[in-house]
Number of protein chains: 6
Amino acid sequence: MSLVTLVEYDDASAEVRAVYDDIMKTRRVDWINNFWKALARDPAQLRRVWENVKQVMAPGALDPLVKEMVYVAVSATNGCEYCTYSHTASARKQGMTDAMLMELMAVVGLANQTNRLANGLRVDVDERFKP
Amino acid sequence: MSLVTLVEYDDASAEVRAVYDDIMKTRRVDWINNFWKALARDPAQLRRVWENVKQVMAPGALDPLVKEMVYVAVSATNGCEYCTYSHTASARKQGMTDAMLMELMAVVGLANQTNRLANGLRVDVDERFKP
Amino acid sequence: MSLVTLVEYDDASAEVRAVYDDIMKTRRVDWINNFWKALARDPAQLRRVWENVKQVMAPGALDPLVKEMVYVAVSATNGCEYCTYSHTASARKQGMTDAMLMELMAVVGLANQTNRLANGLRVDVDERFKP
Amino acid sequence: MSLVTLVEYDDASAEVRAVYDDIMKTRRVDWINNFWKALARDPAQLRRVWENVKQVMAPGALDPLVKEMVYVAVSATNGCEYCTYSHTASARKQGMTDAMLMELMAVVGLANQTNRLANGLRVDVDERFKP
Amino acid sequence: MSLVTLVEYDDASAEVRAVYDDIMKTRRVDWINNFWKALARDPAQLRRVWENVKQVMAPGALDPLVKEMVYVAVSATNGCEYCTYSHTASARKQGMTDAMLMELMAVVGLANQTNRLANGLRVDVDERFKP
Amino acid sequence: MSLVTLVEYDDASAEVRAVYDDIMKTRRVDWINNFWKALARDPAQLRRVWENVKQVMAPGALDPLVKEMVYVAVSATNGCEYCTYSHTASARKQGMTDAMLMELMAVVGLANQTNRLANGLRVDVDERFKP
């Protein structure tokens with residue numbers, strides 16, 4: 001149960017509706033997910049976060065599907081349930097198969113393992129790795 | 001300064017050298033980085049972790065460069081200095097440009113931000129996101 | 001479902017009841033929340049953690065509401081569901097509005113983002129920032 | 001040593017200089033710290049992150065000093081060295097004393113402790129805490 | 001609800017069944033828990049992770065119960081619900097009492113607290129602690 | 001460089017010296033490590049944290065060496081450099097060998113790996129694991 005009341009489209013101000021409309025248009029969907037409805041309690045924050053997501057996740061030097069999978073990797077690392085479900089769904093829409101998801105999780109698990117081995121043993125960074 | 005004495009090639013047992021040789025051959029390099037030299041204090045662990053890395057990071061459903069970037073993303077999220085340097089170096093060797101690294105960091109930063117917004121506001125997962 | 005049996009007031013030892021009574025008196029409430037009922041499986045730990053909370057959260061150099069909001073910020077960062085609900089409720093009792101909560105979350109999200117940018121790019125600390 | 005080359009003011013493009021100038025004007029300082037010089041490798045990201053910081057950290061429903069202390073709390077929780085130094089310096093400039101810093105750390109430490117007690121014992125959220 | 005379809009024993013391939021059989025035999029149980037049924041979507045990963053668990057958690061320089069409690073400590077620190085339930089159950093089977101669990105949690109809470117005090121105040125490592 | 005001035009024994013107040021003396025007596029050492037010297041900027045906090053450490057780390061349902069190793073496991077998971085060095089040193093004093101440290105790290109790494117697999121795949125907790 002969200003800590004703030006969700007803002008439904010029908011109850012939203014013009015400012016919030018404009019963002020909702022842009023989300024639906026950009027993503028080619030006809031509904032708004034709960035994350036945005038919670039953020040809409042602060043319309044300026046809703047707009048700011050959405051603009052960030054829109055710009056960062058757009059095609060650029062990296063493929064959009066790669067970006068979604070990186071998002072899933074970070075969310076799994078942080079244990080964010082909402083983000084894991086929502087970005088896995090987005091990645092699947094963009095073509096991620098079960099095999100790709102399982103392999104992604106293998107990398108995420110391995111990195112979390114070796115991160116602790118390096119941190120726990122306090123291994124010095126090799127000079128050759130420094131730029 | 002590592003919490004255990006690093007095992008140099010010249011001082012290594014045959015069991016450890018066999019792993020070192022496989023690392024150098026697989027990666028086409030002529031040196032061993034400190035992470036493995038620390039793990040070598042436990043030869044069975046050295047072998048096990050290396051076999052995991054070798055299998056998980058090999059080409060599969062995901063591109064090796066994508067896997068390296070996911071590794072960097074997890075390491076940046078966890079704040080692992082050693083892993084951030086070493087896997088950024090690996091990713092660059094596989095073709096990651098500065099533009100790709102900066103864009104990767106943008107996604108990592110954004111995911112860490114929205115992970116906390118979703119967790120902090122305790123947003124319920126939308127039914128449509130569930131598989 | 002808690003991993004240990006909760007200790008209800010009616011079943012509590014005199015030692016546990018004394019802490020429960022102090023919690024209710026200090027907080028001006030007439031019930032005990034589950035966190036303390038779980039800790040009460042170890043009466044010495046119950047007392048120790050409660051004394052810590054009582055001392056640390058009392059008015060001092062910082063305002064009690066500010067402290068509650070810092071608690072919420074840490075809990076959101078760590079993804080602790082229980083603590084996010086309980087400390088948000090406490091902060092609201094002390095006057096935190098929805099606008100304040102949303103702004104708090106904006107700072108928490110931003111800090112989590114830039115923490116990873118600084119860690120991921122391994123930015124050196126400027127000399128001027130050192131004390 | 002940063003993973004990307006820092007962009008010094010004298011070498012910066014007009015686009016980057018415009019952001020640098022706005023940072024110095026807004027903060028009333030005559031230098032740019034390394035964080036921005038690293039982000040400047042991606043001018044669009046530099047601008048985006050700066051605009052976020054500028055908007056989120058401006059006076060609003062919360063006091064700017066409170067926001068800086070929340071930033072420090074999150075950075076200490078995540079173990080971000082750069083952010084801990086830089087935001088502690090900012091908070092001191094805005095009036096945080098040693099007594100306030102120590103008390104802030106006490107809250108951060110306590111919250112990190114009880115977050116794990118609640119998560120580790122899997123304590124159910126009390127109905128009364130739900131909004 | 002798992003993000004991948006669980007693989008039940010009756011529907012499993014010979015490769016997956018072989019791992020399931022080894023899990024049940026090694027642990028002297030007659031059922032497979034959901035973690036393995038999810039990993040089984042990638043049979044090679046199922047085998048790899050199981051071999052790791054089997055080797056790492058076997059008796060060695062540390063007592064198996066100590067290892068299970070360390071597993072619980074890490075899982076509580078990371079807020080992993082599944083792992084906290086499953087490894088607490090394993091530790092109880094191996095003899096962990098309520099008193100031991102509560103004391104373990106006290107250490108976990110304390111370590112999470114002092115970790116942030118040391119990181120937040122940026123305390124330099126004493127030379128005498130270095131190996 | 002610590003964010004607060006360390007309080008040396010010779011400059012300490014009677015209140016702080018009393019805690020320092022108790023630390024040295026309890027631990028049978030003749031010096032005070034930096035962590036306490038930083039905390040001493042807030043004498044009440046110094047006393048409170050020390051009392052917590054003294055009580056929690058004393059012999060009880062768990063062996064003191066086991067507790068130190070759990071402390072190391074948490075510190076490695078959180079990436080706390082200071083705590084990893086200091087508690088590894090303590091554990092070694094209490095008898096932890098290199099073989100035990102390496103095996104401890106193997107468990108820590110494995111737990112961090114499977115925590116993310118369980119969280120990333122959102123595996124439901126088996127009913128049989130619930131108490």
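The values are calculated or read from the model by the stated rules, or taken from the named source; none is laboratory data. Note that this is a predicted model, so its numbers are computed, not measured. All Cβ positions, even for glycine, are placed from backbone atoms using ideal geometry, and neighbour counts span all protein chains on display. We work out accessible area using only protein heavy atoms, side chains counted, and drop any ligands, DNA or RNA first. Shrake-Rupley method; radii C 1.70, N 1.55, O 1.52, S 1.80 Å.
Odds and ends about this structure:
- Taking residues in segment E:1-22 that are modelled with pLDDT under 95, and partners anywhere that are not charged (D, E, K, R) and not in a helix (DSSP H, G or I), the pairs with Cβ atoms closer than 7 Å and at least 6 places apart or on different chains are E:Met1/B:Pro131.
- Selection count, segment A:116-131, where residues are crowded, with 23+ Cβ neighbours inside 10 Å and more than 7 Å from chain F (Cβ to nearest Cβ): 2
- Restricting E:Ala89, E:Ala58 to those that are among the small types (Gly, Ala, Ser), under 14 Å from the mean Cα position of the chain (by Cα) and in a helix (DSSP H, G or I) reduces the list to E:Ala89.
- Within segment B:28-46, considering residues that are closer than 19 Å to A:Phe129 by Cα and surrounded by fewer than 16 Cβ atoms within 10 Å (Cβ to Cβ), the one nearest to the other protein chains (Cβ to nearest Cβ): B:Trp31
- Boolean, F:Val74 is β-branched (Val, Ile, Thr), closer than 24 Å to E:Ala99 by Cβ and crowded, with 21+ Cβ neighbours inside 10 Å: yes
- Test: B:Tyr20 is farther than 30 Å from A:Gly60 by Cα, out of contact with any Leu (no Cβ under 6 Å at 6 or more places or on another chain) and in a helix (DSSP H, G or I): yes
- Sub-6 Å Cβ pairs linking a first residue in segment C:84-107 that is facing chain A (nearest Cβ under 9 Å) to a second residue that is open to solvent by less than 30 Å² (accessible area, probe 1.4 Å) and β-branched (Val, Ile, Thr), at least 6 apart or interchain, are C:Tyr85/D:Val125; C:Thr88/C:Val72; C:Asp98/A:Val4; C:Ala106/D:Val56, ordered by first then second residue.
- Scanning segment F:4-16 for residues that are part of a helix (DSSP H, G or I) and open to solvent by less than 80 Å² (accessible area, probe 1.4 Å) yields a count of 2.
- Residue in segment D:58-70 that is within 14 Å of chain E (Cβ to nearest Cβ), open to solvent by less than 10 Å² (accessible area, probe 1.4 Å) and either without any contact (Cβ under 8 Å) to a residue 60 or more places away in the chain or of a type outside the set (Gly, Ala, Ser) (or both) present: yes
- Look at (1) within 15 Å of the chain's Cα centre (by Cα); (2) hydroxyl-bearing (Ser, Thr, Tyr); (3) open to solvent by 40 Å² or more (accessible area, probe 1.4 Å) and you find that A:Thr97 fails only one, number (1).
- Residue match in segment D:112-126 (condition: assigned to a helix (DSSP H, G or I), within 19 Å of the chain's Cα centre (by Cα) and farther than 15 Å from C:Pro131 by Cβ): yes
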